[in-house]
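> Got a structure here, written out as structure tokens. Questions coming.
The values are calculated or read from the model by the stated rules, or taken from the named source; none is laboratory data. This structure is a prediction, so every number in the text was calculated from the model and none was measured. Using ideal geometry, Cβ is built from the backbone for each residue, glycine included, and neighbour counts are taken over all protein chains shown. With ligands, DNA and RNA removed, areas are computed over all heavy atoms of the protein, side chains included. Shrake-Rupley method; radii C 1.70, N 1.55, O 1.52, S 1.80 Å.
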Amino acid sequence: MSTSKITDRLSLEGIQEVFDLFPYGKWQVAGAATGGFLVYKLAGLLKWWFIESIHSPDSYESVLLGDFRRIVASPPSSVYKEWFAQYGHSVSYRGVFLTRSLCTKDPKAIAHVLNHAYDFPKPSHVRKFLVRMFGEGVDHKRQRKILTPCFGPSHIRELSPIFYDKGYELRDIWLRQIEETGQDVKEIDVFIWLARATLDIIGLAGFDYPFETLSQGETDELVKAFMQLFAPGQSPPTIGFLVDIIPLVKYIPTERLSLIARSKEIMARVGSKLVRERRAAVLAAANSDGSVEQKSVVGKDLLSVLIKSNMATDIKDSERMNDEEVIGQIYTLLIAGHETTSTTLTWLFYDLAHPQNHAIQTKLREELQSVETDQPSVDELNALPYLDAVVREALRLNSALDVTPRSAGQDTSIPVSKPYIDKKGVERTEITVGAGEEIVIPIALVKRDKEIWGEDADELRPERWLEGSSHPRSSEIPGVFSSLLTFLGGPRSCIGYRFALLEMKVLIFALLRNVSVELPDPVVEIERKSFIVTRPAIIGKDGAMRSAMPLRLRQVRVE
């Protein structure tokens, strides 16, 4: 590796200036810092060794990383699934520096953690990661108060024309590509096209910014920066994960960390410009005295509503978000309002493409084609029972988020619905956790748990949502929507779930009335790669891994 590449990754001059301020050599300082950090971690480890523990694996891969690398290197959730089969609904394992972590799929335990969200915050290394990647603020209660007007039912309804416009634009692109073949079918990468559609939607609905990726591709610098940020790698991003756990790791040069830094710089610059423009528009439409009222919104995009809400006269100065926090919401809108929806729809199309699910696809299409208008109202769309069932089943079967981590704010106990026998042979109805201990909620596994959803939990079966209480245990799951963990639950549940649900329904309505999906021939091996969201990935002819979902799309002629 050349010196220029190393200096591109590390600000060596800056580091040297810090070291020069100390009367000791730089390696003495580095050694002391590392030693102090290890002693701190060891003290926590010794504490956890003496806390009563549930069952755990007999061994771990390394003293430094515990089972961390095995978890991130394996297919999403596969290690947790293996442990649950061996130890029951909850398992203790060793993470970095052998710190104890808990993973539980027990519904009562999950409900307790999510419903007491401020007692079980995100782990410190996750918060650092989110701040580093998205600039996410730590004062969630204050931010949520400002954000609430953006995601109210009435405002989301006003955004539906944007959803329809982009949905039909994508449909027309697909039909045109099919017709150009001279046949009724063509193999198309539905992942990239759905990602473009949802990017265009969140650009306009989120901050009145025309990405135009459906018509121009990924030419916009903000889009390119965002796409690079979440591109899958062939090997697990261990260094990237460890940066926020072990402070000194950030000085290890990697191409991935360099790419993140470049993407962040672009996103911050463009984000600042968007905030300035939206604020200027809000002020231009303000009252004659310069005051802003929440009810007099200029612009329907979420960023304008957010800025107006943040500037409203009935908001205390101490409650307002600063520019960095507002810009952070742009990143959050991009990931939550685009990536999760496009990925969920991609997996749904993949499931529908399987021959055993063609009857589901046909039944759905018949219901969609029974609607006489091309743009049904939100109420009319929500009145389609099979569409609603398909959306719920898609959210259940394929989770955009594989897991969500939390940590205990203090020494405490977590109740469980099913008693377990601890290592000493004693029956327990709660799990003891120590302050700072990480608690992993395996979202994807809970949504496929056969004890909750039945023996067909791994199958796409929308009818389960039309059969009344065919899965009564699902009511134990604290989901803000339909007893699913898709949008989590409790005081920190996803505030934008109405946006996502409407966007999904509109896109399905616009696309599947005139297009059917089939598996490609020959069938391509699809891998699940998780970096914040679980994307489909394939290995191309050049040996490089990329996010993609090639499917055969066939034109359906409406009689």
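> Can you pull out every residue in region 176-211 that is open to solvent by less than 40 Å² (accessible area, probe 1.4 Å), out of contact with any Lys or Arg (no Cβ under 6 Å at 6 or more places or on another chain), more than 30 Å from Val275 (Cα to Cα) and part of a helix (DSSP H, G or I)?
Hit for region 176-211 is Val190, nothing else.
> Name the pairs: first residue in region 57-72 and over 13 Å from Arg100 (Cα atoms) and free of Cβ contacts under 8 Å to residues at least 24 places away in the same chain, second residue among the charged types (D, E, K, R) and part of a loop (DSSP other than H, G, I, E, B), Cβ to Cβ under 6 Å, at least 6 apart or on different chains?
Going by the 6 Å Cβ cut-off, the qualifying pairs are Glu61/Asp67; Arg70/Glu61.
> Something else about it: Condition test on Glu393, is it of a type in the set (D, E, K, R) and over 28 Å from the mean Cα position of the chain (by Cα)?
Taking the combined requirement at face value, the residue does not satisfy it.
> Now, a different point. Taking region 326-370 as the search range and keeping residues that are of a type in the set (A, V, I, L, M) and more than 27 Å from Leu199 (Cα to Cα), which one is nearest to the chain's Cα centre (by Cα)? Before you say what the answer is, go through the steps one by one.
The first filter runs over region 326-370 and keeps only residues of a type in the set (A, V, I, L, M), leaving 326-327, 330, 333-336, 345, 348, 352-353, 359-360, 364, 368.
Next, from what is left, pick out any that are more than 27 Å from Leu199 (Cα to Cα): 359-360.
On the way: Ala359: 30, Ile360: 27 Å.
So the residue we want is Ile360.
> Kindly list the number of the only condition in (1) open to solvent by less than 20 Å² (accessible area, probe 1.4 Å); (2) out of contact with any Pro (no Cβ under 9 Å at 6 or more places or on another chain); (3) not in a strand (DSSP E or B) that fails for Pro522.
Every listed condition holds for Pro522 apart from (1).
> Would you check if there is a residue in region 358-377 being at pLDDT below 80, among the charged types (D, E, K, R) and out of contact with any strand residue (DSSP E or B) (no Cβ under 6 Å at 6 or more places or on another chain)? Steps first, answer last, please.
Let us first name the residues in region 358-377 that are at pLDDT below 80, namely none.
No, region 358-377 contains no residue that is at pLDDT below 80, among the charged types (D, E, K, R) and out of contact with any strand residue (DSSP E or B) (no Cβ under 6 Å at 6 or more places or on another chain).
> Within region 485-501, track down each residue that is among the aliphatic types (A, V, I, L, M) and either within 17 Å of Thr332 (Cβ to Cβ) or surrounded by fewer than 21 Cβ atoms within 10 Å (Cβ to Cβ) (or both).
Within region 485-501, Leu488, Ile495, Ala500 qualify.
> Okay, moving on. Of the residues that make up region 335-352, is at least one over 30 Å from Val113 (Cβ atoms), at pLDDT 85 or above and open to solvent by less than 10 Å² (accessible area, probe 1.4 Å)?
Within region 335-352 (the criterion being over 30 Å from Val113 (Cβ atoms), at pLDDT 85 or above and open to solvent by less than 10 Å² (accessible area, probe 1.4 Å)), the answer is yes, since at least one residue qualifies.
> What number of residues within region 112-152 satisfy the criterion of being modelled with pLDDT of 90 or more and either open to solvent by 20 Å² or more (accessible area, probe 1.4 Å) or hydroxyl-bearing (Ser, Thr, Tyr) (or both)?
Filtering region 112-152 down to residues modelled with pLDDT of 90 or more leaves 112-123.
With the extra rule that they be either open to solvent by 20 Å² or more (accessible area, probe 1.4 Å) or hydroxyl-bearing (Ser, Thr, Tyr) (or both), the set shrinks to 112, 115-116, 118-119, 121-122.
Within region 112-152, residues that are modelled with pLDDT of 90 or more and either open to solvent by 20 Å² or more (accessible area, probe 1.4 Å) or hydroxyl-bearing (Ser, Thr, Tyr) (or both) number 7.
> Further question on the same structure: If you scan region 368-378, which residues turn out to be crowded, with 16+ Cβ neighbours inside 10 Å and either within 16 Å of Glu503 (Cβ to Cβ) or in contact with a helix residue (DSSP H, G or I) (Cβ under 6 Å, 6 or more places away or on another chain) (or both)?
Result: Leu368, Gln375, Pro376, Val378.
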